[in-house]
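Engineer: Dropping the structure in here first, questions after.
The values are calculated or read from the model by the stated rules, or taken from the named source; none is laboratory data. Just so it is clear, the structure is predicted and the values come from calculations on it, not from any experiment. Positions of Cβ are backbone-derived with ideal geometry, glycine not excepted, and every protein chain shown enters the neighbour counts. Ligands, DNA and RNA are stripped out before the accessible areas are found, and what is left, the full protein with its side chains, is counted by its heavy atoms. Shrake-Rupley method; radii C 1.70, N 1.55, O 1.52, S 1.80 Å.
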Amino acid sequence: MSDTTVSVSKGVFVFKNGGTSQHKRVRKPQPDGEDSCNIFSNKLWYQSYNRNWKILEKKLKTLNSNMFSSILSSLVESIKHSHNTPVTEIPTATLLTGINMPDHSALFSTLSREIRKNVTPHVATLHAEDSQNLKYVIESTVNQFVNQTLEDDSDMEDCENEDNKKSKVRKSSCTFSLLQAWYEKLYGPPGLRIFFPVKRKMRDGHKLLVVIFPDFESFNDKIIQDFILIVSSYLNKLPFVLVFGVATSVSAVHKSLPYHVSSKISVQIFNSQPSTTYLNNVIENIFFTDDCPFHLGGKVFNLFTDIFLFYDLSVKGFIKNFKFAMLEHFSFGNSMALCTNSRNLKKALEQLTHEDLERIQELPSVKKFIINPSPEKKSKFADDDYFKNLMYEKFQEFYAYLNSFHLFLKCLYVLVSDLPKSPLGKQIRELYSTATSKNITKTSEFEECFKLISFQSKDELYEKISKVCKILEKEIENNKMNKNVTEEFSERLINYIERIENATTVISESPLKPQETEENLVIGKMDRRQLKEKLLEMSKKSKLMNEYEKIRLELIEYLKKTFEQYLQEPSSRSFHEIFFFNDMSIKKQIIGSHRAAIHAALNDPQYYLQCNCCKLQNEATILPSMPDVSILYKLHLEYGKLINLYDWLQSFLSIVDPDDNNEEVGKRVVKPELQARFTQAVADLEYLGFIKSSKRKTDFVVRLTWGG
Amino acid sequence: MDSLVNQLKMNFPGRTYQIERLFSLFGYKNEPFVSSVFIYGPSSTGKSAVVGSLLDGLEIRNACVNLVECYSSKVLFESILNQLSGHKIDPFKGHPYAKCDNVMDFIFNLRKCADEVDLNKSVIVLDKAERLRNMDYNLLPAFLKLKELSGLSVSVIFISEIIFEKYYFKARTLEPIKIHFSQYTREELWEILRLDFDHVQNFIRNNFNENFDINEEFFSNYLNLFLSVFYRVCRDLSELRHMSKLNFVKYCEPVFKKECKLEDSMGLWRHIAPILKASLEVLYLRISPVSQEGKQQSVEIKCDGARTVKQFTFSKESLAQFLELPFYAKYLLIAAYLASYNPPKEDKRLFMKYHGKKTKRMKDVKAKNIVSEQLNTQLGPKPFGFERLVAIFYAILEEKVDFNSNLLVQISTLVELQLLSMVSDNCDLDSRKYKCCVSFEFIQIISKTVDFNITKYLVDFN
């Protein structure tokens, strides 16, 4: 192969791989997915990871389809009926999707699947990136329609028409006239050509042709206009329906279509959910449940939500990050296999070796646990069985803790989410991130929340508490863990509800009356100053509470106590490292910061090269053994905006070739080899974008970056 | 033959002259056809419809091609040949009648085709002929002289929205016969819209789900009212037809609800006038309300459909609120706006804390008095470089974030959303230039959502 690529100029060489056609490759069933080909597949931690991830993935899928289902069903329904009545314009559904592009692919693939299932087998999806001109658009549309059904046919009829299978229609011959011929062959010819407004009703059995544009904005305006014009000219023969995925707003459609085009379509608008709701749904229903033993610690969770809110609004990205964190967590070692459901715990424990147990004992929280209660019993922990049993017990406790943690977090959320200014945040994810990073009941926000609750009226409080009760009821029904705790809590609350309901808001005034009249009498005799003092005193005196207020106070005290008991932060628990991942070092992998990486590479090449010769004592030192580019880079950091090339060369030489230093600087003869190295390194730096040649001063270059 | 002309005249009111002209050119079997006819007139004045029905009615072999569809002349030639020869494309193979890459091939194959089928007195119709100007330079002359070149008695009809003089081509030796389709007058429009009566009646019945009878007079009264509002702003027949249908439902509503009688035209007018005025604003936008479950509900929604649609499209506020952007993307957009509407030399003064004192000069005093048309915000966006965008972004962002690839991706996302546009060449990676495409109101709302005072950083407001 090397012979064939010898060439005078640089070039790209194409080699046809004699592989099978794409068609065949897809059909080949992969035995057992990725499991078989993964090098970690026999590792304990990987199995555990895989099991957990599979569960999550499945839940995600169902959640996705449920989430999209409401909007999709109305969309599909309208597509279905779009040609029931005679049309003069192309029925067009505009789906406002929001800007998080990566998430759209899931939406649109579900959409096309739904349409295929419920409406018509003929669906074509056009992506902007492979629609450079009208030719491609038409060809790929027609190709998708025609060839896709051919495939289906050949599937059904199997070997009957062998030759048909082979002879796919060539892409270059895919035109609309072909499409028409194909459609007529499938469904019979249409009526006579009618020039008068198309009043023909679609006959039954004639399936619609749906074209989906997932990213309308990125299409060239001209192409879409022409495409619509063509489609509209065929509308009386082919029942087309268009679906536009618009990221911004409907005005984008009108911006790119002039009047004579936009009058050819009739637009229906569908709004999809904002991506923050999507994220909240995903978080609440998938990550914040007991089924998922793996939890993100507060810091990492914050990092991920920040990336979501500040950078991309992409739920898919969030899930990817979560998956990465999970992999990172599990790859710690086999001991992480314990991060699993209570059902699998025993099995996982049995499989652990002595080394794994030792590693667990190394974990900070476990260490503390071992030393704390009985340092003298430490030797006992060396016994595997003893430790395993102990762990089993401790883990059961931890499961109970996790369960109650989620449950009470939900209850707390109901109580505080709609308070004015919402001190603890409006979303359950905000509560979660506070609760996992510190003890939420000790925060000032928590205090503030309960202060606010203590001002709430009877109706508001009543409603909230009954909502909490509903959550508890559901929990009691579905979950066996912590049953007595929840039941007790729920009973108490129900009791409170009843009391609140019956409580009067009228102050029971009877014991007060005589006193008041007495005071009134006194007031009569006082002068102004005395009166003022008196009033001040009275206001300071705690106002007498009515019955409701008393119950409220009691209830709040009770709630506070309960939350304090169950909402402790996870890091206070031993073994929390097994379930909570809180390692911020993954930030580097999650957010690619290219400039920092380049800086690190040039400033400290040893970081990447891992060689012994370039070890730096401090940041500023420059060693001759470093690569030329990095020497020049470090030197250039010391200069101002303009760099004199000659000076630069001299400093370069003094580092690379320090022996020559004793000669007079001015007369020094530069070795051509060194000069070449210097020139090359300068060119490299220019290529990397750190400098550029200056037009104002000869032999000077301009620095393009600043800061460290 | 006369019956055909009369029939056409019935179907196409106001097109009497054009139908007669065309009939005189193509209607007589024993006379040779002209080599080319050029038909022009504004859109939806019945050009293609009249030609099509006339040719079909006269049973003339014809090939009708819409040039929008023909991205290459190859497609054009092949579809003409397919239609003339009556070739049926086999959907499993997709071969055309013959392969033609250029005019010569076309004429050769046309002659070959003439041996198989009788091409004498056949017509080629080229719809949207103005597209010919952007296609191969020899197509227009070739089609003008097709009769001469092919030696066959084939005539060509060009249908275009622009006049023939705008087809600039050299050696204009042959001028086709021109027929102008003029814009319909109000009376003609009224008559055409009246033809829809049956259709509308069905539509109404479907809509109200009941036996709801209207008579023709009621409908034509409505059309009169309708045209009195719409004729001044729109003459496009298809648009008028669409709007009249939509609004007729609302017109019938009071009658259906038994609030008005069928004959009470004044009451109906009072009911419909504001609705018509409102729907003037959504002319050409073609937004139908979001699909609903029940028919009953649909009627209600359609009532204020015009209003919601207006909200959807026109109020900038709703657009900005609908649009959810990540936090940094908002700041990037603000930075882009500032870069577009501030001159670069002012950057230092606006974004740096210690920018030194500025000495007041006569020029600045004069600059204060510039009229509003010369304000930067009124003049439209100016291009700015990538570096400047990032520098301003960091200047206005209070917290310190490191510059990472997620931010870079946001810039290209903004370009994709058409909030920014790329001015420089796509392959020039070194010095990318952008322009900000959003309006001042829009950016004001965006900056309000992130608590950023944009006017403080705009030269025009300082």
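Engineer: Using a 1.4 Å probe on the protein heavy atoms only, what accessible surface does A:M336 show? Give it in Å² to the nearest 10.
Structural biologist: Roll a 1.4 Å probe over it and A:M336 shows about 10 Å².
Engineer: Give the accessible area for B:D425 in Å² (nearest 10); use a 1.4 Å probe, count only protein heavy atoms, and leave out ligands, DNA and RNA.
Structural biologist: We get 90 Å² for B:D425.
Engineer: From the phi of every residue in the range A:133-146, what ³J(HN,Hα) in whole Hz does the Karplus formula 6.51 cos²θ - 1.76 cosθ + 1.60 yield, where θ is phi - 60° and glycine or proline is x?
Structural biologist: Once rounded to whole Hz, the list reads 9, 4, 4, 4, 4, 5, 4, 6, 4, 4, 4, 5, 5, 6.
Engineer: Here's something else I'd like to know. At 4 °C and 1.567 mPa s, grab the translational diffusion coefficient of the range A:252-354 from Stokes-Einstein with a Kirkwood Rh over Cα pairs, rounded to a whole number in µm² per second.
Structural biologist: Translational D for this selection: 75 µm²/s.
Engineer: So what J values fall out for the range A:440-455 if you push phi through Karplus, 6.51 cos²θ - 1.76 cosθ + 1.60 with θ = phi - 60°, rounded to Hz, Gly and Pro as x?
Structural biologist: Each residue of the range A:440-455 in turn: 5, 6, 8, 7, 5, 5, 4, 4, 4, 4, 6, 4, 5, 4, 5, 9 Hz.
Engineer: So what's the range B:130-256 giving for Cα Rg divided by 2.2 N^0.38 Å, two decimals? Numbers along the way, then the final one.
Structural biologist: Details: Rg = 22.3 Å, N = 127, 2.2 N^0.38 = 13.9 Å.
Taking the Cα Rg and dividing by 2.2 N^0.38 Å, one obtains 1.61.
Engineer: Okay, moving on. At a 1.4 Å probe, what is the % contribution of carbon and sulfur to the accessible area of the range A:418-496? Walk me through the intermediate numbers first.
Structural biologist: Details: 2060 of 4350 Å².
Its accessible area is 47 percent carbon and sulfur atoms.
Engineer: Turning to a different aspect of this structure: Pop out the carbon and sulfur fraction of the accessible area of the range B:2-180 as a percent, whole number, probe 1.4 Å.
Structural biologist: Solvent-exposed carbon and sulfur of the range B:2-180 make up 51 percent of the total.
Engineer: List, in the order given, every pair from A:K410/A:K470; B:K99/B:K147; A:K185/B:K88; A:K185/A:K207; A:K59/A:K323; B:K112/B:K147 whose Cα-Cα distance in the structure shown is over 19 Å. Mind dumping the intermediate values first?
Structural biologist: On the way: A:K410/A:K470 11 Å; B:K99/B:K147 21 Å; A:K185/B:K88 10 Å; A:K185/A:K207 13 Å; A:K59/A:K323 14 Å; B:K112/B:K147 15 Å.
Over 19 Å apart, Cα to Cα: B:K99/B:K147.
Engineer: Per residue of B:326-339, what is the mean number of Cβ atoms on other protein chains within 10 angstrom of that residue's Cβ?
Structural biologist: That works out to 2 on average.
Engineer: Once label points are set 7 Å from the Cα along Cα→Cβ at both A:L704 and A:L327, what is their separation, rounded to one decimal in nm?
Structural biologist: The two pseudo-label positions are separated by 3.3 nm.
Engineer: Still on this model: Which values of log₁₀ I(q)/I(0), to two decimal places, follow from the Debye formula for the range A:207-278 at q = 0.21, 0.26, 0.28 Å⁻¹ with a uniform point scatterer at every Cα?
Structural biologist: Once normalised to I(0) and log-transformed, intensities are -0.97, -1.38, -1.53.
Engineer: Express in whole angstrom the spacing between the alpha-carbon centres of the range B:204-257 and the range A:220-250.
Structural biologist: Cα centroid to Cα centroid, the span is 27 Å.
Engineer: Put simply, what bits of the range A:295-338 lose 40 Å² or more of accessible area when the other protein chains are there, versus the chain on its own (1.4 Å probe)?
Structural biologist: A:F310, A:Y311, A:L313
Engineer: Assuming a viscosity of 1.567 mPa s and a temperature of 4 °C, what translational diffusion coefficient in µm² per second does Stokes-Einstein assign to the range B:408-452, Rh being the Kirkwood radius over Cα pairs?
Structural biologist: 111
Engineer: Here's something else I'd like to know. Roughly how large is the B-A contact in terms of buried accessible area, totalled over both chains, probe 1.4 Å, nearest 100 Å²?
Structural biologist: Details: alone 26410 and 40840 Å², together 61190 Å².
Buried area between the two chains comes out at roughly 6100 Å².
Engineer: As an exercise, take the mean of 1/r over every pair of distinct alpha carbons in the range A:594-703, invert it, and state the Kirkwood radius in angstroms.
Structural biologist: Working: mean 1/r = 0.0681 Å⁻¹.
Its Kirkwood hydrodynamic radius stands at 14.7 Å.
Engineer: Exactly which trypsin sites (Lys or Arg not before Pro) in the range A:553-636 are in a DSSP loop and have at most 15 other Cβ atoms within 10 Å?
Structural biologist: Working: sites: A:K560, A:K561, A:R573, A:K587, A:K588, A:R595, A:K615, A:K634; in loops: A:R573, A:K615.
Sites meeting the loop and neighbour criteria: A:K615.
Engineer: Name the residues of the range A:581-605, by number, that are at least 20 Å² less accessible with every protein chain in place than in the isolated chain; the surface is that of heavy atoms, probe 1.4 Å, without ligands or nucleic acids.
Structural biologist: The answer is A:I591, A:G592, A:S593, A:H594, A:R595 - residues whose exposure falls by at least 20 Å² when every protein chain is included.
Engineer: Using the Karplus curve 6.51 cos²θ - 1.76 cosθ + 1.60 with θ = phi - 60°, work out ³J(HN,Hα) for each residue of the range A:108-117 in order, rounded to whole Hz, and write x for Gly and Pro.
Structural biologist: 6, 5, 5, 4, 5, 5, 4, 4, 4, 6
Engineer: Could you pull the Cα extents of the range B:202-268 along its three principal axes, largest to smallest, in whole Å?
Structural biologist: 32, 26, 17
Engineer: Restricting things to alpha carbons, find the Rg to Rh ratio for the range B:2-180 using the Kirkwood radius for Rh.
Structural biologist: Numbers: Rg = 15.9 Å, Rh = 16.8 Å.
Ratio of gyration radius to Kirkwood radius: 0.95.
Engineer: What FRET efficiency would be calculated for the residue pair B:K257, A:K388, taking the C-beta separation as r and a Förster radius of 56 Å, to the nearest 0.05?
Structural biologist: Working: r = 79 Å, r/R0 = 1.40.
My answer for the efficiency is 0.10.
Engineer: Follow-up question, since we're still on this one. Which residues of the range B:406-450 end up with at least 20 Å² less accessible area in the presence of all protein chains than when their chain stands alone, using a 1.4 Å probe?
Structural biologist: B:N406, B:Q410, B:T413, B:E416, B:L417, B:Q418
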